[in-house]
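To start, the structure itself, in structure tokens.
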Amino acid sequence: MSRNQRSAPEARIGIDLGGTKIEGIALGADGAVLARRRLASPSGSYQATLAAVVDLALDLERRIGREATVGIGIPGAVSPATGLVKNANSTWLIGHPFREDLERRLERLVRIDNDANCFAVSEATDGAAAGADPVFGVILGTGVGGGLVVGGRPVVGASAIAGEWGHNPLPRPRDDERPGPRCYCGRLGCVEAFLSGPSLARDHQERTGEARTAAEIADRAEAGDEAPVATLERHAERLARALAVVVNILDPQVIVLGGGLSNIRSLYRRLPELLAPHVFSDKIVVRIVPPKHGDASGVRGAAWLWPPATALSLPR
């Protein structure tokens, strides 16, 4: 078998490219962690980011002593029309042929997907939703994103925007929710503008005058403080309305919540009840669960973008 035709070795490297950190992991065929490394993102520089990702992939290979496939999760998508990065929170990636540049430097094929898709793949493969189909993975953090997994593989879509439920309008808005806060995408009333961590904190401050982080609000609610409890209830009810649209369209077996807000324990108790009035069914079957792999799901999912025995090398 020639170098250009050989099968992928049973080791996978995943890299999660974030705005503040880059994390890399090497997994064995059984999902065991062989090596792991985290470094600060070179914010604002495309060339420095490209170099950092290449160096990280090669360093992980040196640590495990064998060649591996490389999958990368990015906070955006590669446009099917142009091959260039679009919709990235790390704006210095936008408009660049990131996959092509990586493949040239690493001398192999590279798979790139949205970080929310990678999160969903991880949890559907060997995480909280293992064995379920379909699976919807939700990111509730600085932003709001989502990824859909069917048959164990991410659904990217014709325009590479599948799962972007965070940039739909909040369903069934009440009078005091219109027209809604402005989202970074420029529109008013997006799901993300209501349900992200910063949005939860803003809502609490507008209602109470207290400037607290989402984590602080959750802690105070756990302690029984009335105002934080009310803030989390508003957030959960809005989240239920938004997720009901996902349930009505996709009917997933499992929804896995990720991101910092997935640590709010009351969500898993309240959401099934709050979903009921908005789901077009006589019974709520979908399970809503926290992630098994926590903040490692994104990087693990990037590694799992490669199935077993897939061709590795670029033609020479």
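The values are calculated or read from the model by the stated rules, or taken from the named source; none is laboratory data. Model, not experiment: these values are computed from the prediction. Cβ sites come from the backbone with ideal geometry, for glycine too, and all protein chains shown count toward neighbours.
Got a sec? Which of A77, A116, A52 is buried (at least 16 other Cβ atoms within 10 Å of the Cβ) and more than 20 Å from I161 (Cα to Cα)?
A52
Could you please give the count of residues in region 37-48 that are at pLDDT 95 or above and surrounded by 15 or more Cβ atoms within 10 Å (Cβ to Cβ)?
1
Checking the structure you have, find out if any residue of region 250-260 is more than 16 Å from V191 (Cβ to Cβ), charged (D, E, K, R), touching a residue at least 60 places away in the same chain (Cβ under 8 Å) and touching a helix residue (DSSP H, G or I) at 6+ places or on another chain (Cβ under 7 Å).
Scanning region 250-260, I find no residue that is more than 16 Å from V191 (Cβ to Cβ), charged (D, E, K, R), touching a residue at least 60 places away in the same chain (Cβ under 8 Å) and touching a helix residue (DSSP H, G or I) at 6+ places or on another chain (Cβ under 7 Å), so the answer is no.
Which one is surrounded by the most Cβ atoms within 10 Å (Cβ to Cβ) among residues in region 259-274 that are out of contact with any strand residue (DSSP E or B) (no Cβ under 6 Å at 6 or more places or on another chain) and not in a helix (DSSP H, G or I)?
I264
Run down G163, G189, G152, G137 and say which single residue is in the same structural domain as G259 (by TED's automatic domain parsing), in contact with a Gly (Cβ under 8 Å, 6 or more places away or on another chain) and at pLDDT below 95.
From the options G163, G189, G152, G137, the qualifying one is G163.
Which of the following residues is more than 23 Å from S196 (Cα to Cα) and either touching a helix residue (DSSP H, G or I) at 6+ places or on another chain (Cβ under 9 Å) or in the same structural domain as A244 (by TED's automatic domain parsing) (or both): R99, R63, R105?
Every option except R105 fails the conditions.
A quick yes/no check of all residues on (1) small (G, A, S); (2) in contact (Cβ under 8 Å) with a residue 60 or more places away in the chain; (3) assigned to a strand (DSSP E or B); (4) on the phi > 0 side of the Ramachandran plot:
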| position | (1), (2), (3), (4) |
| --- | --- |
| A35 | yes, no, yes, no |
| R38 | no, no, yes, no |
| G83 | yes, no, no, yes |
| N89 | no, yes, no, no |
| G95 | yes, no, no, yes |
| L102 | no, no, no, no |
| D113 | no, yes, yes, no |
| S122 | yes, yes, no, no |
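Could you check region 170-246 for helices (runs of 4 or more DSSP H) lying wholly inside it with 1 or more residues that are in contact (Cβ under 8 Å) with a residue 12 or more places away in the chain and surrounded by fewer than 20 Cβ atoms within 10 Å (Cβ to Cβ)?
197-208, 214-222
So which residues in region 247-258 are touching a Phe, Trp or Tyr at 6+ places or on another chain (Cβ under 9 Å) and part of a helix (DSSP H, G or I)?
V247, N248, L250
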